[in-house]
Amino acid sequence: MRLSAVISSTYPSRLAVFALASAIAIPTMAQQNQPAGTPQSAPPSATQPSATSSSTMNTSKEGFWGRVNPFARKKWVKKQTDPINDRLTELDGLNAKNSADIKDVDSRAQAGIQKAQSTADAANQVATAAGTQAQNANGIAQGASGHVDQLNTTVKGLDQYRQTTEAEVAFRGGSPILSADAKKQLDALAASVTGKQGYILEVEGHSPLAGGAGIQSSERLTEAVKRYLVTEHEIPVYRMHYVALGNAEVASAGDEDAKTKRISDVHIRLMENSLAAQGAAPPQGVASSTGADRP
């Protein structure tokens, strides 16, 4: 009991002595660490109010570690934020300028693309038209070549006649009067050459009379046939080539034994050349497209 009482009574006194020594030592150390320029004669009480006011002013503007005091004035806040606002305004202007430049470049690019597309479309149309014209020209050239070949074939065959049909008109007693059967034969022959071109009619007159009398008699018979074809069927005269043979011995085309005929008749042969294959002939008196109106 006594020991604990002594310890409890001694410990507080020692603490009090330690606290007093500390209070005396701290001002002494502060005076020793004071810069040389600071006057030693200045009393601590004179310098303490200025330090206190400075710390108070700083505390009114900024808090600990540079944080803004919530009670700072608006002017100070505006002074701190104005550079930031100016920088933001400058950045907004740059952003707007960049956006305008991008739009301008895009519009010019789109205009260039549209112009190039229009040019390409026009060139495509021109190329298509040229291709169509080339195809048409090729077709015309091929048609012209075929027409030339056809004309060459036609020209080569103008002097090459072949017999297609024939008729034999008989007369009684050498009289140059056509019977009903004779007219029917001539009508059928004229119908077969209607609308044709490139043909001729070979007309041969025969008579049983000898000498000049036979020639005159056969000539009257061929004249009767020729007159009927011209007046009744409008066959051009240049299409008919006739001859009066009298009683000349001529072999009949239908007789295999080639016996001579000595009767009064007219033998007609229809001869055609290459123009006959060209289709219908132009109207009488009008030249054909080939220029051979009288083949």
(message) Between Lys79 and Val230, what is the label-point separation in nm under the 7 Å Cα-to-beta-carbon projection?
(response) 13.9 nm
(message) I want the local charge near Arg108. Using Cβ-Cβ distances under 15 Å, sum +1 for each Lys or Arg and -1 for each Asp or Glu among the other residues.
(response) -1
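Roughly speaking, what is the stretch gain from Arg87 to Ala120, that is 0.36 nm per residue apart minus the C-alpha to C-alpha distance, in nm to one decimal? Can you show the working numbers first?
On the way: separation 33, 0.36 × 33 = 11.88 nm, distance 4.85 nm.
Computed gain between Arg87 and Ala120 is 7.0 nm.
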(request) Beta carbons within 10 angstrom, averaged per residue: use that to sort the peptides 163-172, 129-138, highest first. (result) 163-172, 129-138
(request) Just subtract the alpha-carbon distance of Ala170 and Val105 from 0.36 nm times their residue separation and send over the number in nm, one decimal. (result) 13.0 nm
(message) Can you compute the modelled spin-label distance between Asp149 and Asn98, with each label point 7 Å from Cα toward Cβ, in nm?
(response) 7.5 nm
(request) Would you mind getting the Kirkwood hydrodynamic radius of region 162-278 from its Cα pairs, rounded to one decimal in Å? (result) 14.5 Å
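Every number in this text was worked out from the coordinates using simple rules, so none of it is lab data. Because the structure is a prediction, the values reported are computed rather than measured. Glycine also receives a Cβ, built like all others from the backbone with ideal geometry; neighbour counts cover every protein chain displayed.
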